[in-house]
1. Round to the nearest 0.05 the FRET efficiency obtained for Thr91 and Ala58 when R0 = 41 Å and r is the Cβ-Cβ distance.
2. In the stretch 141-187, which GluC sites (Glu not before Pro) are in a loop and have at most 13 other Cβ atoms within 10 Å, using DSSP for the loop call?
3. Of the peptides 135-146, 43-54, how do they stack up when ordered by the mean number of other Cβ atoms within 10 Å, highest first?
4. Per the 1.4 Å probe, what fraction of the accessible area of the stretch 110-187, in percent, lies on carbon and sulfur atoms?
5. Using a cut-off of under 14 Å, list every residue of the stretch 143-183 whose amide N is near the label point 7 Å from the Cα of Ser123 along the Cα-to-beta-carbon line.
6. Where only protein heavy atoms count, and the probe is 1.4 Å, what is the accessible area per residue for the stretch 81-173 in Å²?
Amino acid sequence: MHLFAIAVTTAVLLPSAMGLAHAQPQKMRPGLWEHSMTMKSQSGQMEAAMAEMQKSLASMPPAQRKQMEQMMAQQGVGMGPKGQTVKVCVTQEQADMDTVPQQEGCTQKVQRINASTMKVAFSCKGGQGQPPSSGDGTVSMQGPTAYTGQFKIKTENEGKPEQIDMAQSGKWLSDNCGTIKPVPMGR
């Protein structure tokens with residue numbers, strides 16, 4: 001589902017932005033992070049599609065459902081009634097970075113407001129079945145192992161403009177990323 005993919009893209013871009021915004025006073029701790037997202041679309045179509053996806057998952061035969069859930073878990077993605085989660089591996093290099101890495105097709109601008117809060121704006125060209133998207137919001141760190149954020153994302157759904165309000169939080173889970181691979185990011 002492309003709207004969920006946009007949210008995952010936002011989650012993937014954020015760790016590097018946080019490393020930049022807190023490079024001197026406070027670094028984001030490297031390791032396995034879990035980003036939790038709750039989203040609300042203006043049209044309500046995203047919520048309907050997510051409910052349909054969960055209904056479809058619930059109606060699968062148990063073995064098939066388990067296989068699908070395991071496949072999603074290996075990618076670090078989880079879906080629940082309260083929202084979605086994605087696990088991201090943040091390397092030491094990404095945590096120490098003093099420039100904002102660019103994910104392919106996306107640009108990002110980070111502006112520090114104070115020692116713990118920053119503004120983040122991003123724009124992604126889309127492609128491979130994904131529509132273009134852009135967004136902005138604020139992120140507030142609660143030390144090197146947790147943050148909260150609020151975003152407004154503009155995109156398209158079936159060719160029509162769509163706005164998504166997203167609340168996001170992140171927490172550090174472990175030094176060891178396990179099976180979750182670091183996200184490759186160009187510079």
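The values are calculated or read from the model by the stated rules, or taken from the named source; none is laboratory data. If you're wondering where the values come from, they're calculated on a predicted model, not measured in any experiment. Cβ placement follows ideal geometry from the backbone for every residue including glycine, while neighbour counts extend to all protein chains displayed. Just so you know, the surface numbers come from the protein's heavy atoms only, side chains and all, with ligands and any DNA or RNA stripped out. Shrake-Rupley method; radii C 1.70, N 1.55, O 1.52, S 1.80 Å.
1. Numbers: r = 36 Å, r/R0 = 0.88.
Efficiency, from the Cβ-Cβ distance: 0.70.
2. On the way: sites: Glu156, Glu158, Glu162; in loops: Glu158.
Hits after loop and neighbour filter: Glu158.
3. Values: 135-146: 16.6, 43-54: 13.8.
The densest-packed peptide leads the list: 135-146, 43-54.
4. Numbers: 2230 of 4430 Å².
Percent of accessible area from carbon and sulfur atoms in the stretch 110-187: 50.
5. Only 154-155 pass the distance filter.
6. 54
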